[in-house]
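Right, one structure below, let's go through it.
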Amino acid sequence: MSNIPIIECVPNFSEGRNLQIIKQITDVIEAVEGVTLLDVDPGKATNRTVITFVGHPKAVVEAAFQAIVKAGELIDMRQHKGEHPRMGATDVCPLVPVSGISMEETAKYAQKLAERVGKETDIPVYLYGYAQPNNNRNDLSIIRAGEYEGFPEKIIQPEWKPDFGPTVFNAKKGATVIGARGFLIAYNINLNTKSTRIANRIAFDVREAGRVKRIGNPISGEIALDETGEPIRIPGKCKEVKAIGWYIEEYGVAQISANLTNYNVTPVHVFFDEVNESALSRGVRVTGSELVGLVPLNAMLDAGRHYLAKQERSVGVSEKELIEIAIKSLGLDELAPFDPNKKIIEYQMRGNVKKLIDMTCSDFADITASESTAPGGGSIAAYTGALGAALATMVANVSANKKGWEDRWEYFSNIAEKGQTLKVELLRLVDEDTNAFAGIMEAFKLPKTNAEEITLRKAAIEAASLYATQIPLLTMKVAHKILEIAKEMIENGNQNTLSDGAAGILCNKTAVKAAYYNVMINAKGLTDKTAAKQLADEAKALLEKNHTEADELLGIVEKGIAF
């Protein structure tokens, strides 16, 4: 799947109140085969809707074009009022590389989309971001400056001739900006004030562009100029962040409205903390925040780890718990419920794919006990290993919270993080082992009516069988690493959890030996006997090493619990 090119499109439409209009726009997007609609986020006060969809680049470009056309038909910019800066019915339409495609390739798709809109509609089009070769006009805020009301005069200036489409302003549809960019997080932080003035001062404190320097009074003084006559700017604290302050009547509060254009440079939690610090210094405080559109999973996990670490608590907890901590710490559920399945892009993209690990324990046991041959021993081996990793991680987390060991929380937190990583990988292998077996079954179903088909079928069976041998060997390798954690916890962890650590080691032994049997039986069916012997020899050596180390640790436990 990773080689299949996938891009995301996040068009912003200048309509956030009329749900019928929004629905008509999303309908034309969903009508394009190969596109998945992920999120629709309308805002009444901004009178703007952010729509997110993904798919193959060609399908996404087609859907974006149809959406731009439909928005131009339905939205009349002459009647539009809203808090957010805007210049057209489709204000901005960015393409974002997700997987299997470079930024350069994505930029070319954005240019093709812009050219088509310019040729087939009466909408003036500007390129921005990585799609715009002119560095003097690739910044969205610069292109949008003057907004809809100022564009009749702006568009006739030679330096602001559209990249595509008519050079005459379209009063009904306005103009649009199409480009390519990295993943942008649209993020608003709520304040316990209605003052736009205070909100803007905070925004100036934190955004990269900062504020203009003034002579004398920092608010009303004369603007200081450099030797070229340009205003001197005092930069803000956060790189790769654009922000303004505004009042949202719908909520009755002022907000800092920001675009985090590179969340790896300024993460969500860092921006939130900086806004909070600035707000407190100005006599107001942050009450919560909201995400407009979708957010990458890593951004949420990093925030969860950040706030747990600030509390000197172990960060080696489950993905679900990290997200819960992030939601509460950032106040993401203040204005509306925050559903991770709807707001996190990776969760949205997985759609309705059913996984074994998403089942309840009883359902998983039932399907294993059914007449189907999958899931079988390989998946159970991986799941048993995941339980072993979970137990070792539990010992680390219990130790991190032990009274009197407060100075050791970080050591145990690091151990717990390693355990969580092993647990997640072993859970992945539960499904992957069953998928590998399914691959063999599919290969056997291939036609064999002629010599060419027979040859292709044999090759497919061999490849599938090799993969089905490699997966349980990988399970053995990952499960073996549990012993590294178990050893540290038996020696240094809370001694009241020795029995839990021992149970984890026994899970490890079962997982490794069960996976070993799967390696051997699948290797036996390989035509390439040299490859089969290499895999079998590696599995035998690892089994012996694992059981020797595990039995040594169990011996230590036996002594520790003896009385």
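Every number here is computed from the coordinates shown, using simple stated rules; none is lab data. Fair warning: this is a prediction, and the values are worked out from it, not measured in the lab. Cβ: placed from backbone, ideal geometry, glycine included. Neighbour counts: every protein chain shown.
The table below lists the values:
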| read-out | value |
| --- | --- |
| Alpha-carbon centroids, the range 155-194 and the range 414-476: separation in whole Å | 48 Å |
| Along principal axes, Cα extents of the range 20-121, largest first, whole Å | 40, 27, 23 |
| Unsatisfied cross-links (Cα-Cα over 22 Å) in the set Lys44/Lys342; Lys81/Lys328; Lys119/Lys161; Lys81/Lys343; Lys355/Lys533 | Lys81/Lys328; Lys81/Lys343; Lys355/Lys533 |
| Qualifying GluC sites (Glu not before Pro) for the range 152-228 [loop in DSSP, other Cβ within 10 Å: at most 13] | Glu227 |
| Furthest towards positive pole of dipole, Ala369, Val512, Ile380, structure part the range 356-561, Cβ charges | Val512 |
| Taking Leu95, Leu483 and counting other C-beta atoms within 10 Å, the order from fewest to most | Leu483, Leu95 |
| Extent along principal axes [Cα atoms of the range 61-132; Å; largest to smallest] | 41, 28, 19 |
| Part-to-part distance (alpha-carbon centres) for the range 322-353 and the range 18-66, which is given in Å | 20 Å |
| Candidate aspartates and glutamates for bridging to Lys237, where Cα separation is under 19 Å - those fewer than 8 sequence places away on the same chain excluded | Asp205, Glu208, Asp273, Glu274, Glu277 |
| Convex hull (Cα only) mean projected area of the range 410-517, reported in nm² to one decimal | 7.6 nm² |
| Debye, to nearest 20: dipole size of the range 356-561, +1 on Lys, Arg Cβ, -1 on Asp, Glu Cβ | 400 debye |
| With Cα atoms, 0 to 90° folded angle of helix 409-444 axis to the chain main axis | 80 degrees |
| Neighbour-count ranking [beta-carbon atoms within 10 angstrom, fewest first] of Asp205, Asp358 | Asp358, Asp205 |
| The range 269-300-the range 96-120 distance, computed between alpha-carbon centres (Å) | 32 Å |
| Estimated translational D of the range 185-349 in µm²/s (Stokes, Kirkwood radius over Cα pairs; 20 °C; 1.002 mPa s) | 128 µm²/s |
| Dipole of the range 6-180, positive direction: furthest Cα of Cys9, Val177, His84, with charges on the beta-carbon | His84 |
| Fewest-first ranking of Ile521, Ile101, using other Cβ atoms within 10 Å as the exposure measure | Ile521, Ile101 |
| The chain: antiparallel DSSP beta bridges as a percent of all, rounded to 5 | 80 percent |
| Computed helical MRE - 222 nm, the chain, DSSP H runs ≥ 4 contributing -39500 (n - 2.57), nearest 500 | -17000 deg cm²/dmol |
| Whole-number D in µm²/s for the range 507-551 (Stokes-Einstein; Kirkwood sum over Cα pairs; 10 °C, 1.306 mPa s) | 147 µm²/s |
| Charge context of Tyr109, other residues only, Cβ under 14 angstrom, K/R +1, D/E -1 | 0 |
| Relative pair counts by distance (%), Cα atoms of the range 356-561, 5 Å bins | 1, 8, 15, 16, 16, 13, 11, 8, 5, 3, 2, 1, 1, 0, 0 |
| Listed candidates [x] 25.1; [y] 25.8; [z] 27.2 - label of the one calculated as Kirkwood radius over Cα pairs in Å | [z] |
| Within straight-line cross-link reach of Lys423, aspartates and glutamates at Cα separation under 12 Å, skipping those fewer than 8 residues along the same chain | Glu319 |
| Entries in Lys112/Lys173; Lys58/Lys320; Lys487/Lys524 that, when Cα-Cα distance is taken, lie over 26 Å | Lys58/Lys320; Lys487/Lys524 |
